[in-house]
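**Student:** Here you go, one structure.
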Amino acid sequence: MNKVQSGLGWLAGKTMPIKKNKIVVTSYYGRGFSDSPKAIVEALLDSGKDLDIVWLTKEPTEVPEGVRCVEYDSAARMTELSTAKIWIDNCRKGAKYKKAGQIYMQVWHGFALKQIEKDVVDKIPDPNYENYAIRDSQQTDLIVSNSRHMTRVYRDSFWYDGEIQEFGSPRNDIFFKENGWVRTKVHQALGIPEDVNIVLYAPTFRVTQSLEPYTMDSHAVCEALGKRFGGKWIFVTRLHPNVAKLSDQLPYEDAVDATSYDDIQELLVSADALISDYSSVVFDYMLSQKPCFMYATDIEEYKNDRNFYIPLDEMPFPIAVNNKTFIDNIEHFDDNTYRKSIRTFADKYGMIDDGSASKRCADWILSKMEA
């Protein structure tokens, strides 16, 4: 669909009436049923209300009964958005028009370690991004925060002066629920025996799309984990969506590629240890209190590119810049020190996840629909 077709679709949508029970949901510009939007949809379905919930997706995806999928890259997307009472998204939406009476909830996609939005707009390749982001923020009615830290980031860096509610991160509610079934589901989907431990490697992307920073000795990592924690381990990789197409070029032997698995929260819940670098997944995973490690070979280069809101020496996770130090961090991992560190970090940055964020979001949405 080209820009002319898109523009005509939005113009046609301006003439269509709003359906008071319709909610249109998007995750990561059309990815499958995932992230905080997924958790909110599940809470809305639990409400028992008569709702028309639309999930916009670029790919075939399984959704629960009560949700219908619509192709993201189609004129139907404009029709659905133009006639919805509520929009939910975790990225910039890109809606050309928003009508009076429509409500837009923005839940974003993580606790920011690296700088984002206004703070790095001069480094974003797309020269139109700033105007696009400003329009999106002007359309937004609520940003959902999971901490004092993120509330400050949204207020200072999102061109936004509207309502912010510290409801918590809906996608993290899964850590507070009975989730043994998730481990079974993930192991089956990836073809991994349930008695094998998963170490999930989920680094963020580099603007150059280089794979050079991902030079980890996966075999040595699994051996070290077995030595320190016992059992058999398998290395599972999950690349950031921005470089997902490069996942088959990773150099790891006997590794399982989970980049195409829709919901990374299910991978996190199922993982027995996590390795990342500057990704927000480390802050989600700390809720599990299971071992988390940082492997970052390009700290100075990354500082020059994005820089950080939080000094890396304040992070509660053991950090290494090479394989030798990384293996040493595994072998000398102290669980008591680690748990104390994550509690201290969570308190300092006002992290508030408690398992009820999805319900808070659903209740807020329903209150706006009933107003």
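The values are calculated or read from the model by the stated rules, or taken from the named source; none is laboratory data. Here the structure is a predicted model, which means the values were calculated and not measured. Cβ coordinates were reconstructed from backbone atoms using ideal geometry, including for glycine residues, and neighbour counts include every protein chain displayed. Ligands, DNA and RNA are excluded from the accessible area calculation, which covers all protein heavy atoms including side chains. Shrake-Rupley method; radii C 1.70, N 1.55, O 1.52, S 1.80 Å.
**Student:** Can you work out ³J(HN,Hα) from phi for every residue in region 260-267, in order, using Karplus 6.51 cos²θ - 1.76 cosθ + 1.60 and θ = phi - 60°, giving whole Hz and x for Gly and Pro?
**Tutor:** Working through the residues one at a time gives 8, 5, 4, 10, 5, 5, 5, 5 Hz.
**Student:** Can you grab the distance from the C-alpha centre of region 235-300 to the C-alpha centre of region 171-206, Å, no decimals?
**Tutor:** Centre-to-centre (Cα) distance: 11 Å.
**Student:** When a/c is below 1.5 the answer is rounded, else prolate if a/b is larger than b/c, else oblate, so apply that to region 272-337 with a ≥ b ≥ c taken from the square roots of the Cα gyration tensor eigenvalues.
**Tutor:** oblate
**Student:** Working with all protein chains in place, sort 99, 49 by solvent-accessible area computed with a 1.4 Å probe, largest first.
**Tutor:** 49, 99
**Student:** I've got another one for you. Classify region 1-151 as rounded, prolate or oblate from the Cα gyration tensor: take a ≥ b ≥ c as the square roots of its eigenvalues, call it rounded if a/c is under 1.5, otherwise prolate when a/b beats b/c and oblate if not.
**Tutor:** Oblate, since a/c reaches 1.5 and b/c is not below a/b.
**Student:** Let me have the relative contact order for region 1-126, percent, based on Cα pairs under 8 Å that are six or more residues apart.
**Tutor:** In percent, rounded to a whole number, it is 31.
**Student:** Give me the distance between the Cα centres of region 1-36 and region 112-157, rounded to whole Å.
**Tutor:** Here the two parts' Cα centres lie 21 Å apart.
**Student:** Relative contact order for the chain: what percent, with Cα pairs under 8 Å and sequence separation of 6 or more?
**Tutor:** Relative contact order for the chain comes out at 19 percent.
**Student:** Which whole-Hz couplings ³J(HN,Hα) result when phi for each residue of region 325-330 is put into the Karplus expression 6.51 cos²θ - 1.76 cosθ + 1.60, θ = phi - 60°, listed in order with x for Gly and Pro?
**Tutor:** Taking θ as phi minus 60°, the curve returns 5, 5, 4, 4, 4, 5 Hz for region 325-330.
**Student:** Can you list the lysines whose alpha carbon is less than 18 Å from that of residue 20, not counting same-chain residues fewer than 8 positions off?
**Tutor:** In chain and number order, the partners are 49, 85, 98, 99, 368.
**Student:** In whole Hz, with x marking every Gly and Pro, tabulate ³J(HN,Hα) for region 116-126 from phi via Karplus 6.51 cos²θ - 1.76 cosθ + 1.60, θ = phi - 60°.
**Tutor:** Calculated HN-Hα couplings, in order: 9, 6, 3, 6, 10, 4, 6, 10, 7, x, 7 Hz.
**Student:** With each run of n ≥ 4 DSSP H residues scored as -39500 (n - 2.57), what mean residue ellipticity at 222 nm is computed for the chain after dividing by its residue count and rounding to the nearest 500 deg cm²/dmol? Write out the running numbers ahead of the final one.
**Tutor:** Working: 13 runs with 131 residues, N = 371.
Per the formula, -10500 deg cm²/dmol.
**Student:** If I take every Cα pair under 8 Å that is 6 or more residues apart in region 15-87, average their sequence separation and divide by the length, what percent do I get for the relative contact order?
**Tutor:** 44 percent
**Student:** Moving to a separate point now. Could you please report the charge total around residue 54, scoring K, R as +1 and D, E as -1 over all other residues with beta-carbon less than 13 angstrom from its beta-carbon?
**Tutor:** Net local charge, residue 54 excluded: +1.
**Student:** Treat region 169-323 as a sphere of radius equal to its Kirkwood radius over Cα pairs and apply Stokes-Einstein at 10 °C in a medium of 1.306 mPa s; give the translational diffusion coefficient in µm²/s, rounded to a whole number.
**Tutor:** In µm²/s, the coefficient is 99.
**Student:** Continuing with the same structure: For the chain, what does the accessible surface come to per residue with a 1.4 Å probe? Please give it in Å².
**Tutor:** On a per-residue basis, the chain sits at 44 Å².
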